[in-house]
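**Q** Next up is a structure, given as structure tokens.
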Amino acid sequence: MLLAGKTAVVYGAGGSLGGSVAAAFAKEGAFVHLTGRNLDSVERTADVIRKSGSRCHTAVVDALDAGAVARHLEETGRVDISFNAVGWEDRQDQPLAEMAPEDFLRPVLRAMETEFLTCTAAARAMMKQRSGVILTLTATPGGIGYPHVGGFGPACCAVESLTRNLASELGPYGVRVVNIRSGGSPDSRVFREALENGGDVVAGFVQKIEADTMLKKMPLMEDIAQAAVFLASDNASKITGVTLDVTCGTTAALNYAIPKIPFLQNS
């Protein structure tokens, strides 16, 4: 198993994506510490992991509380993998020019605070060990201009910058820091609930997102989870300070179908 003997800490493990990544870590042999502010949702993830025969531990940890994060890592002891999937409480579907400052700033401040606290706490433990992997998570707006995403886009860019800078500092200690840039996953809780409640309007929006990708499909949560497993494993031992793009090509280029470009045709 790729992560046999490793200890992983997952923040926001009660969410659909955080839970999927945690389960993938456990399946590959890691002992996973599941954390979140809502113990009920974290325990649901734990039930899935335990029923599969893997091991885990649950704890209530507010990933926006420096003291809580530090105390939990002290109790955990060794930490080989740290992954933060905490939500940023972003407001979207509104033009920036019409957005209230607090709605714009909330995801930026929340993302920076939780990522800084959890990443640097893990860094301090890993520097002593002289090994470890810190994984951060962003989305498509971290790589391209994207309308009506409010502060979510700038927050993604800030997290990706933090990832690079932290990696440059921790590299000499044998610690890697890598970002995963995810496209929206149609099987995630957010998309499922939107599709259930939004009817044809939401379905059309999802189809548009799929059409804008190079592969004409969106990454599932399992795709993100397997990317996280790979990056956390020794198979990725020389990868650090970068963003692994798992958006099915959305951020790499303009993906609209263009039948012809007349002004470039030969005469």
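The values are calculated or read from the model by the stated rules, or taken from the named source; none is laboratory data. All values derive from a computational prediction rather than experimental measurement. No Cβ is skipped: glycine too gets one built from the backbone with ideal geometry, and neighbour counts run over all protein chains shown. Heavy atoms of the whole protein, side chains included, go into the accessibility calculation; ligands, DNA and RNA do not. Shrake-Rupley method; radii C 1.70, N 1.55, O 1.52, S 1.80 Å.
**Q** Which pairs have Cβ atoms under 6 Å, sit 6 or more apart or on different chains, and link a residue in segment 74-97 that is closer than 18 Å to N38 by Cβ to one that is open to solvent by 40 Å² or more (accessible area, probe 1.4 Å) and at pLDDT 95 or above?
**A** E89/R106
**Q** Shifting gears a bit: Would you tally the residues in segment 165-209 being open to solvent by less than 60 Å² (accessible area, probe 1.4 Å) and part of a helix (DSSP H, G or I)?
**A** 13
**Q** Still on this structure: Report, by residue number, each residue of segment 1-33 that is within 20 Å of G77 (Cβ to Cβ), hydrophobic (A, V, I, L, M, F, W, C) and open to solvent by 10 Å² or more (accessible area, probe 1.4 Å).
**A** Selection gives A4, F31.
**Q** Still on this structure, I have one more. If you go through segment 224-256, how many residues are of a type in the set (A, V, I, L, M), within 17 Å of the chain's Cα centre (by Cα) and either under 17 Å from V21 (Cα atoms) or in a helix (DSSP H, G or I) (or both)?
**A** Qualifying residue count, segment 224-256: 9.
**Q** Exactly one of these conditions fails for T120: (1) touching a residue at least 60 places away in the same chain (Cβ under 8 Å); (2) among the polar types (S, T, N, Q); (3) surrounded by fewer than 19 Cβ atoms within 10 Å (Cβ to Cβ); (4) touching a helix residue (DSSP H, G or I) at 6+ places or on another chain (Cβ under 9 Å). Give me its number.
**A** Among (1) touching a residue at least 60 places away in the same chain (Cβ under 8 Å); (2) among the polar types (S, T, N, Q); (3) surrounded by fewer than 19 Cβ atoms within 10 Å (Cβ to Cβ); (4) touching a helix residue (DSSP H, G or I) at 6+ places or on another chain (Cβ under 9 Å), T120 violates only (1).
**Q** Out of V108, V86, I need the residue that is open to solvent by less than 50 Å² (accessible area, probe 1.4 Å), modelled with pLDDT of 95 or more and within 21 Å of G19 (Cα to Cα). Which one? Walk me through it before giving the result.
**A** Details: V108 fails: within 21 Å of G19 (Cα to Cα).
Of the residues listed, the single one that is open to solvent by less than 50 Å² (accessible area, probe 1.4 Å), modelled with pLDDT of 95 or more and within 21 Å of G19 (Cα to Cα) is V86.
**Q** Then there is this: Consider A194 carefully, then state whether it is more than 19 Å from F152 (Cα to Cα) and either in contact with a helix residue (DSSP H, G or I) (Cβ under 6 Å, 6 or more places away or on another chain) or modelled with pLDDT under 95 (or both). Full working, then the answer.
**A** Numbers: more than 19 Å from F152 (Cα to Cα): no; either in contact with a helix residue (DSSP H, G or I) (Cβ under 6 Å, 6 or more places away or on another chain) or modelled with pLDDT under 95 (or both): yes.
Here the answer is no, as A194 does not meet what is asked.
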